[in-house]
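What follows draws every value from the coordinates through simple rules; no lab data is involved. All values reported here derive from a predicted model rather than from experimental measurement. Note that we place each Cβ from the backbone using ideal geometry, even for glycine, and neighbour counts take in every protein chain shown.
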Amino acid sequence: MTYDVIVIGGSYAGMAAALQLLRAHRNVLIIDAGERRNRFAAHAHGFLTQDGIDPAQIAATAKAQLEQYPTLKWVTGKAVNAQGDKDDFQVIDDKGEVFHGRRVIFAMGVSDTLPDIEGLRDHWGKRVFHCPYCHGYELGKGHIGVIATGPMSLHQARLMPEWGDVTLFLNDALTLDHETQKMLMARDVCIETTPITRLDNNADVLLEDGRRLSFSGLFTASTNAPTSPIAENLGCAIVETGFGTMIDTDNGKLTSIPGAYACGDVARVPHSVSLAVGDGAWAGAQVHASLVFG
C-alpha cells in the first residue's frame, strides 16, 4: 500500500498534522517511538483548554481521537531511514519494514543537551526547565536561578524577572562585559560567578566555595538537535539557530526536498506544546494542498 502521507513522530505536532489530513479522507501512517520530549514533566501549561493537564494525558487523548478515523494506521516503532522522491518515498522502521508514501512529514522532535552538572538531569522537567511561559507561573514569584550555557542564557536571564527574583549563574559558560552587566543589573538580576558543583533537594544549588543556594525553580537553555538524522540523511537542509539545529523549512513547512515537510520542535523555535500543535496543523494543511494541487 502507498500512503498519502507518512508522519514520522506521533507527538503533538505529528498528530496535529495528521488530524488535518485524516479529516480530508487521506490515508495517513504515523510511525512513533513513544518518547515525547516533555515526558519528564507532570503538567503542561500555556496550552489553551489544557492548562495544568498531564502532558501524557493530552497525548493519549489526541491519539484516541485520531484512532476514530478509519484512514489512520499507527505503527509503534522508530523510523530509521527515508529515501525516494516526491510521490514515491520509502520509510524503513527499526524492524526492517518498508512503508511507501507520496509525502513525508518529519515531526520526530528534538533532543536536549543539558549542562554537565551533577543532579541536573535528575531534576529536568521537575525543578529545572527551559520555558518560563510553560513553568514560570507555578514558581509563585519566588527565587529563580538561571544556569548559563551560552548567549541565549542572557535573553533568559533578562526575561525571567517577570516570574521572580533572578540569579544568573555564569558557571564558566559566559563572560560579561560592562554593558551587559549594566543591562542585567537594570533588571535586578544577581550575577553569580562561582561555578556550580551539583544540584540536589529539588532546586538547591551547591557551589564550589561550599555555599548552598535554594530556589523555587531553575532554568537553563538546553542545546537542541533533531532526535534522528533521518531527515538530514534524506537530504533535507539543516539550519543553525540560537537553540541548536533544526530542519530548515519554508513558510509552508516544506523542506529543501520536494514532497518532504517538517513541523514542531524539529522545525521551529521557540518550543512549546501549543506552538507545536499550531505548527503541525499548518503543516498538515499545506501537505494536503500539495496532494491536491501538485
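Give me Rg/Rg_expected for the range 166-249, where Rg uses Cα atoms only and Rg_expected = 2.2 N^0.38 Å with N residues.
Numbers: Rg = 17.7 Å, N = 84, 2.2 N^0.38 = 11.8 Å.
Output field value: 1.50.
Note the direction-averaged projected area, equal to a quarter of the hull surface, for the Cα convex hull of the range 1-149, in nm². Provide the component values of the computation, followed by the final result.
Working: hull surface 43.8 nm².
Result: 10.9 nm².
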Trypsin sites (Lys or Arg not before Pro) within the range 74-158: DSSP coil, no more than 13 neighbouring Cβ in 10 Å: 95, 141
Calculated FRET value between residue 188 and residue 291, using beta carbons and R₀ = 51 Å, to 0.05: 0.45
Long-range amide H partners of residue 191 with built H, under 5 Å: 168
Principal-axis tilt of helix 55-66 within the chain, Cα atoms, nearest 10 degrees: 10 degrees
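Plugging the Kirkwood radius over Cα pairs into Stokes-Einstein for the range 115-220, at a temperature of 4 °C and a viscosity of 1.567 mPa s, what D comes out in µm²/s? Numbers along the way, then the final one.
Values: Rh = 13.5 Å.
The Stokes-Einstein estimate is 96 µm²/s.
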Derived scalar couplings ³J(HN,Hα) [the range 225-231; Karplus, 6.51 cos²θ - 1.76 cosθ + 1.60; whole Hz; x for Gly, Pro]: 8, x, 5, 8, x, 4, 6
Greater than 24 Å apart at Cα, pairs in 73/95; 78/253; 86/253; 126/182: 126/182
For the chain, convex hull volume per residue from C-alpha positions, Å³: 131 Å³
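Counting Lys +1, Arg +1, Asp -1, Glu -1, what net charge surrounds residue 225 among other residues with beta carbon under 11 Å of its beta carbon? Mind showing how you got there, number by number?
On the way: positive: none; negative: 112, 232, 240, 265.
Once positives and negatives cancel, what remains is -4.
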Residues whose placed amide H lies under 5 Å from that of residue 217, excluding near-sequence neighbours: 145
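How large is the helix-only mean residue ellipticity at 222 nm for the chain, computed as the sum of -39500 (n - 2.57) over DSSP H runs with n ≥ 4, divided by its residue count, in deg cm²/dmol to the nearest 500? Spell out each step's value before the answer.
Working: 8 runs with 74 residues, N = 294.
My calculation for the chain gives -7000 deg cm²/dmol from helical runs alone.
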